[in-house]
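Participant: My structure is below; once you've seen it, I'll send some questions.
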Amino acid sequence: MLKIAVLVSGGGTNLQAIIDAVEGGTITNTQIEVVISNNKNAYALERAAAKGIEHICISPKDFESRAAFHAAFLEKLNTYQVDLVVLAGFLVVIWPEMIAAYKNRIINIHPSLIPSFCGTGYYGLKVHEGVLKRGVKITGATVHFVDEGTDTGPILLQKAVAVEEGDTPEILQRRVMEQAEWQILPEAIDRIANGRVRVADGKVCIR
Ligand code: GRF
């Protein structure tokens, strides 16, 4: 059984997709041990509560320094002894100690086709604004392992989504979620849970 922690900051629609896939059997061999938010008002926490899933908030506002927040967060996360950490709209940059502690065991969903529209400054609606500004016709989403860089880790899964005439950032964000994010994030977890993912040479091999 793959034990996972899901880290969130906001609405939690990706968390919901994971919960639904575990319940519906499209994710197998997986248990959500805990949902952790950095933001106590995140609706994602209510989604976890509604399903009786353990959920906690560890907010940087409650600590004197970023270093103290990082240390407390990692210490608490470690108590759950999870096999995989899933960043599902988690708006905290993962720090080196955590990356070292969970090497190739942290995955993230990014709402574009990496390496386009990713890296520092590309988060949330800014990604979709960038897509519309450049005028690309295809965008999408990427699930990748987290390494020391921003959106630079080995790529697990990608799915393309069409940009349409008249799209606003909000409309495009919703389409990317519906047609890509909510599908490939659960799929990636299922593949990992069933031993079908191998990382070698900075690349992912999926069976
Ligand atoms: C998603 O678009 C995700 O790709 C991005 O933040 C958003 C989170 O949405 N990093 P939600 O909280 O899962 O609804």
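Participant: Would it be correct to say that Val131 is outside any loop (DSSP other than H, G, I, E, B), at pLDDT 95 or above and on the phi < 0 side of the Ramachandran plot?
Facilitator: yes
Participant: Moving on to the next point. Please work out which residue is farthest from Asp190 (Cα to Cα), limiting yourself to segment 1-32 and to residues that are within 11 Å of the ligand (Cβ to nearest atom) and in a helix (DSSP H, G or I).
Facilitator: So the residue we want is Thr13.
Participant: Something else: Restricting to segment 47-101, give me the number of residues that are of a type in the set (Asp, Glu) and farther than 14 Å from Val6 by Cα.
Facilitator: Residues flagged as of a type in the set (Asp, Glu) and farther than 14 Å from Val6 by Cα within segment 47-101 amount to 4.
Participant: Kindly indicate which of Val161, Val197 is without any contact (Cβ under 8 Å) to a residue 40 or more places away in the chain, touching a helix residue (DSSP H, G or I) at 6+ places or on another chain (Cβ under 9 Å) and open to solvent by less than 50 Å² (accessible area, probe 1.4 Å).
Facilitator: From the options Val161, Val197, the qualifying one is Val161.
Participant: Which residues, taken from segment 134-158, are on the phi > 0 side of the Ramachandran plot and open to solvent by less than 30 Å² (accessible area, probe 1.4 Å)?
Facilitator: Answer for segment 134-158, where residues must be on the phi > 0 side of the Ramachandran plot and open to solvent by less than 30 Å² (accessible area, probe 1.4 Å): Gly140, Asp151.
The values are calculated or read from the model by the stated rules, or taken from the named source; none is laboratory data. Here the structure is a predicted model, which is why all the values come from computation and not from measurement. All Cβ positions, even for glycine, are placed from backbone atoms using ideal geometry, and neighbour counts span all protein chains on display. Just so you know, the surface numbers come from the protein's heavy atoms only, side chains and all, with ligands and any DNA or RNA stripped out. Shrake-Rupley method; radii C 1.70, N 1.55, O 1.52, S 1.80 Å.
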